[in-house]
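I have placed the structure first, in the form of structure tokens, so that the comments after it can refer back to it.
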Amino acid sequence: MGKVNTVLVPIATEDLGITSLHEHIGFGLPGCDLDTQWWKKPDEAFEVTIAKLRRFREHGGKTFVDCTGIGNGRDLEYFQVLSRRTGVHIVAVTGFVAGDSALAYFREKSVDYLTDLFVQEVTVGIAGTSAKAGAIKVGVSRGGKLSELDKKIYRAAARAAVKTGAPIITHLTTDPDTAIEIFESENLPLNRVLMGHADVGQDVDEVRDSVIANLGGYVGFDTIGYDLDMENPPYWGRYRKDRVDHFMRFLEKGFLEKAVIAADANCCALGWPGLKGHSVNYLFEEFLPDIRKAGVTEEQIEQLLVHTPATFLTMQEPR
Ligand SMILES: [Zn+2]
């Protein structure tokens with residue numbers, strides 16, 4: 001029987017239920033905790049977060065994958081409290097959102113060192129807790145191409161994924177050829193990789209989406225809700241209709257089983273105000289109604305929110 005690491009205990013794949021594969025309890029760039037202009041009292045942050053997770057439960061949500069990497073506000077003891085209070089399974093990650101936001105301490109480390117760090121966080125625990133990472137996060141630095149540091153992190157993540165059986169989630173789908181080359185050279189099948197954020201505003205490339213899916217990789221429509229239609233949208237936003245149309249074209253190409261949907265929303269953002277009105281619940285309250293209207297069936301929605309996340313997150317036999 002398959003298992004998935006959560007912040008409390010590893011659980012059976014069957015218990016994952018409705019899962020959002022790319023969310024955040026609270027994400028910020030390293031140093032954000034020192035920027036007091038956005039600082040929130042811990043009990044205020046706790047209350048808004050609990051409310052959003054309870055709403056997620058009411059929508060039938062059972063598993064929340066927190067893609068907050070090392071140095072971005074990941075707090076395992078806090079995640080454990082939130083999970084116990086709400087009954088939501090929380091899956092944490094090891095790794096970095098991208099090389100250019102990795103803390104200086106880690107930048108000069110070797111591939112072997114980073115591999116050992118990721119393996120330890122998946123197999124032993126994170127920061128002295130028993131919470132084991134359920135996935136490995138990597139990403140592309142600003143500029144559109146993997147930097148040397150990004151490549152080192154991708155290689156370490158690939159080796160750790162092979163050694164532990166944990167999957168990889170990427171921040172951005174840009175420069176996929178370089179990423180695919182690294183994964184292939186480390187013998188990591190692409191069906192262990194979710195290439196995330198294919199739906200961000202300035203970075204749409206539908207040919208690239210098809211190349212990734214044809215090679216077995218997952219393609220993330222996982223910044224859903226960062227809509228240009230909203231008040232004060234971020235620069236990576238997109239008109240809501242454009243995103244839905246892009247998603248529907250991906251399904252029409254026969255890639256339902258390679259599609260991932262998530263909101264990449266903060267329960268309570270760190271170091272920036274977050275986007276008002278945007279949470280994981282946007283998926284249920286805005287996106288699902290949109291795609292139902294566009295013709296997506298309940299069975300297809302179950303594939304997107306239950307079966308695909310379960311297949312992807314289930315730990316493989318270590319090699
Ligand atoms: Zn994210």
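The values are calculated or read from the model by the stated rules, or taken from the named source; none is laboratory data. These numbers come from a predicted model, not from an experiment. All Cβ positions, glycine included, derive from the backbone under ideal geometry; neighbour counts span all protein chains shown. Accessible surface is based on the protein model in full, side chains and every heavy atom, while ligands, DNA and RNA are left aside. Shrake-Rupley method; radii C 1.70, N 1.55, O 1.52, S 1.80 Å.
Laid out as a table, the results:
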{"item": "Lys, Arg +1 and Asp, Glu -1 on Cβ, resulting dipole of the range 225-319 about Cα centre, debye, nearest 20", "result": "240"}
{"item": "Vicinal HN-Hα couplings computed from phi for the range 110-120 (Karplus, 6.51 cos²θ - 1.76 cosθ + 1.60; Hz; Gly/Pro x)", "result": "7, 4, 4, 4, 5, 4, 4, 4, 5, 4, 4"}
{"item": "HN-Hα J in Hz across the range 154-166 - Karplus 6.51, -1.76, 1.60, θ = phi - 60°, x for Gly and Pro", "result": "4, 5, 4, 5, 4, 5, 5, 5, 5, 5, 10, x, 7"}
{"item": "Exposure of residue 41 as accessible area (Å², to 10), given a probe of 1.4 Å and all protein chains", "result": "110"}
{"item": "The chain: relative contact order in percent, alpha carbon pairs under 8 Å with at least 6 residues between", "result": "22"}
{"item": "With at most 13 other Cβ atoms within 10 Å, longest stretch of the chain clear of loop GluC sites (Glu not before Pro) (DSSP)", "result": "109-230"}
{"item": "Summed side-chain charge close to residue 312 - residues other than residue 312 whose Cβ falls under 11 Å, Lys, Arg +1, Asp, Glu -1", "result": "+1"}
{"item": "Charged-residue dipole, Cβ positions (Lys, Arg, Asp, Glu), the chain about Cα centre, Debye nearest 20", "result": "520"}
{"item": "Relative packing of peptides 290-297, 155-162, 232-239, 69-76 - highest average C-beta neighbours within 10 Å first", "result": "155-162, 69-76, 232-239, 290-297"}
{"item": "Residues whose placed amide H lies under 5 Å from that of residue 131, excluding near-sequence neighbours", "result": "126"}
{"item": "Whole-Hz ³J(HN,Hα) from phi, Karplus 6.51 cos²θ - 1.76 cosθ + 1.60, for the range 258-265, glycine and proline x", "result": "10, 8, 10, 10, 7, 9, 6, 9"}
{"item": "Accessible surface of the chain [probe 1.4 Å, protein heavy atoms]: carbon and sulfur percent", "result": "52"}
{"item": "Nitroxide proxy distance, nm - points 7 Å out along Cα→Cβ at residue 35 and residue 307", "result": "4.2"}
{"item": "Per residue value of the accessible surface for the range 3-313 (all protein chains in place, 1.4 Å probe), Å²", "result": "41"}
{"item": "Total formal charge among the other residues, if their Cβ is under 9 angstrom from that of residue 263, Lys/Arg +1 and Asp/Glu -1", "result": "-3"}
{"item": "Shape of the chain, Cα gyration tensor, a/c cut at 1.5", "result": "rounded"}
